[in-house]
Amino acid sequence: MSKSKSIEKAYDAARQRYAEFGVDSDKAIKKLSKIAISLHCWQGDDVGGFESSDGLSGGGIMATGAYPGKARTAEELRADLEMALSLIPGKHRLNLHAMYAEAAGKVERNELEPKHFKTWIDWAKRNGLGMDFNGTFFSHPKADSGFTLASDDKGIRKFWIEHGIVCREIGAAMGKALGTPCVTNLWIADGYKDIPADRKAPRERLKKSLDEIFAKKMDRNHLLDAVECKLFGIGSESYVVGSHEFYLAYAIKNKTLLCLDAGHFHPTEVISDKISSVLTFLDEVLLHVSRGVRWDSDHVVILSDELRAIAQEIVRGDYLDRVHIGLDFFDASINRIAAWAIGTRCMIKALLIALLEPIDKLRKAESSGDYTARLAMLEESKTLPFGAVWDYYCTKMEVPARETWLDNVRAYEKNVLSKRG
């Protein structure tokens, strides 16, 4: 029996099994095919960007490892992204940082324009991708003090406010050109390594800076603004200006999206538990799905309990149209294209498992107070044959099913990556 016939036969059996639980697997697949994941460009070059051949200046971001074949140019990065996308079922998006501008000569971050991203936009259009965008408020001489938008230096603040403003213009241009809103995210690392004497003043300065950045009203068909919180960072262990409470309040008051990053909270906190809470008051949220190992280490996403819980909350709450799913990890110790494929395929797998959950039966048991049945069904559903549905979905989307995608990565490594200096 051919592999495709074997996959179809396994899917037929799985479809019948899910039907016994009142789940339509064909309907789940159809819904899954419409969910776009935003792939982060920075996995392909270890968060280097193209501002300088020497890489970023200063600190704030750290990728570990030296696996051969890192993308050195925008052309190489786009080729690697195309390879990764060929292994991932569905139509997705590209998440780009401002430091990936293609500018002839040195262009400062506060002087960037849409024209510096034209090649990226044209590439996305050819590949049928939407785009999302991020300001780069780190690894720059004007961020060396540890403060940007919350700095007490007016000149420093002015520079970064101007950067935030031009990033919104760039994001709007991307959204307009591609016919899908560009989620333009703002994250800063401002904070103190040790205990501050004044927590109030930096937050007041940050609010004023944000108000200036977001002063111009943009067409939401082109641009969606997002603000991203964090508990702590390297060099800001004791105090982060843009905390969860700060940005949650700002997002509610100013009707922006709130970005929840899976690595930006205490290790015992999870963002899956926050989704329904914030969406009770916000119209939409942005997720940066990552995997922290004891801290915000941005390991490659795997099919963990938390990843499944994130997907469950999105699907159970009927939030698919209100949650923008982006990925945020970077591992330089393994093949970078494989990292993209593993992480993104796992995110999609988690969504598929959630879509295949017998939620109607679970809700009925819960509402009737039959918690015994609820627990029993939750556990029984864990062994339902979602793998057969996944293989069928990959085949239907014309990407490699099962582990065969790794053969494509190895061939690309041999023929392309190994030839890079």
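Compared with the dominant Cα axis of the chain, that is its longest principal axis, helix 305-316 is turned about 80°. Rounded, prolate or oblate for the range 270-407? Axes are the square roots of the Cα gyration tensor eigenvalues, ordered a ≥ b ≥ c, and the cut-off for rounded is a/c under 1.5. It is oblate, given that a/c is not under 1.5 and a/b is not larger than b/c. With semi-axes defined as the square roots of five times the eigenvalues of the C-alpha gyration tensor, the equivalent ellipsoid of the range 141-242 measures 28, 14, 11 Å, largest first.
Spin-label model, I334 to S6: label points 7 Å out along the Cα-to-beta-carbon direction sit 2.4 nm apart.
With every protein chain present, what is the per residue accessible area of the chain (1.4 Å probe, Å²)? Walk me through the intermediate numbers first.
Details: 19210 Å² over 421 residues.
Normalised by residue count, the accessible surface of the chain is 46 Å².
Quick one: compute the contact order of the chain, relative version, from alpha carbon pairs under 8 angstrom and 6+ residues apart, as a percent. With pairs under 8 Å counted, the relative contact order is 20 percent.
If only the Cβ of Lys and Arg carry +1 and only the Cβ of Asp and Glu carry -1, the dipole of the range 16-157 around its Cα centre is close to 600 debye. Net charge in the neighbourhood of K31 (other residues with Cβ under 13 Å of its Cβ; Lys, Arg +1, Asp, Glu -1) is -2.
For C259, nonlocal amide neighbours, meaning residues 5 or more places apart or on other chains whose placed amide H falls under 5 Å from its own, are V227, E228, C229, L286.
With 0.36 nm allotted per residue and the present C-alpha distance subtracted, the R17-E245 stretch has 77.6 nm of extension available.
Against the set (i) 25.3, 81; (ii) 21.9, 71; (iii) 25.4, 86, the structure's computed Rg and Dmax of the Cα atoms in Å falls on (ii).
Indicate the gyration tensor shape class of the range 205-263 (rounded, prolate or oblate), computed on the Cα atoms with a ≥ b ≥ c the square roots of the eigenvalues: a/c under 1.5 is rounded; otherwise a/b larger than b/c is prolate and the rest oblate. Prolate, since a/c reaches 1.5 and a/b exceeds b/c.
Among the GluC sites (Glu not before Pro) in the range 222-323, those located in a DSSP loop and surrounded by at most 15 other Cβ atoms within 10 Å of their own Cβ are E237, E269. Rounded if a/c is under 1.5, else prolate if a/b beats b/c, else oblate: with a ≥ b ≥ c from the C-alpha gyration tensor eigenvalues square-rooted, which is the range 21-125? Taking the square roots of the gyration eigenvalues as a ≥ b ≥ c, the range 21-125 is prolate. Based on Cα contacts under 8 Å between residues 6+ apart, the range 305-398 shows a relative contact order of 31 percent. Here the accessible area is traced with a 1.4 Å probe on the protein chains. For the chain, carbon and sulfur cover 51 percent of it. The mean sequence distance of close C-alpha pairs (under 8 Å, at least 6 residues apart), as a share of the length of the range 174-279, puts its relative contact order at 32 percent. Note the angle between two axes, namely the Cα long axis of helix 3-20 and the longest principal axis of the Cα atoms of the chain, as a number of degrees from 0 to 90, rounded to the nearest 10. Approximately 80 degrees, to the nearest ten. C229 sits among other residues whose Cβ lies under 10 Å from its own Cβ, and their net charge, with Lys and Arg +1 and Asp and Glu -1, is -2.
The values are calculated or read from the model by the stated rules, or taken from the named source; none is laboratory data. Every value quoted in this text rests on a predicted model; they were computed, and no experiment measured them. Reconstructed Cβ throughout: ideal geometry from the backbone, glycine too, with neighbour counts over all protein chains shown. When the accessible area is computed, the model is the full protein with side chains, heavy atoms only, and any ligands, DNA or RNA have been set aside. Shrake-Rupley method; radii C 1.70, N 1.55, O 1.52, S 1.80 Å.
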